[in-house]
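Taking it in order: structure first as structure tokens, then the write-up.
Quick note: the coordinates plus some simple rules give every number you see, no bench work behind them. What you see is a predicted model, and the numbers here were worked out from it, not measured in a lab. A quick note on method: Cβ atoms are made from the backbone with ideal geometry, for glycine too, and the neighbour counts reach across all protein chains shown.
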């Protein structure tokens, strides 16, 4: 069995933009007021009269080639379990280099601590034996898939094997592990 490689997929066909994932994440992780580790993004696609609204639940893409890790001068931004991208708050100087380097605008400085904050794939839950992220658990339309991309029997691997998917900003060369199902 190969090493674990965590990933997430959002079903763009069933996500209704309700923001339950955002609220679940804020509650689970006690993020600062007016700050969030995930968010809902809506955009219009197509040309009149054939326009449709696309809804995306966005967060850190936990990239395999994460520029935030490369530019971090203190080693605070690092690869954690399952290839996730994590922040060690004890090492973070608050310099914001990681924020500038992230092509997905997925980081912010927590105003309470002065250190970088972002989605962790709920690593604290995984390490305590809870196999889901808070956003996946709370999603009323079950539009969020999370798990081990290296396990062909995991829910995320099965859905990615049967559905067309894309990543945001593939030209950034980051090899994100956050997918959007069409």
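Inter-label distance, residue 164 to residue 123: 3.5 nm, where each label sits 7 Å from its Cα along the C-beta direction. By the compact-protein rule of thumb, 2.2 N^0.38 Å, the alpha-carbon radius of gyration of the range 116-161 corresponds to a ratio of 1.21. Mean separation of Cα pairs under 8 Å and 6 or more residues apart, divided by the residue count, gives the range 6-181 a relative contact order of 30 percent. When both the range 48-101 and the range 1-38 are represented by their alpha-carbon centers, they are found 14 Å apart.
Computed from Cα atoms, the angle from the helix 20-29 axis to the main principal axis of the chain rounds to 20 degrees. Considering only Cα atoms, the convex hull volume of the range 83-182 works out to 137 Å³ per residue.
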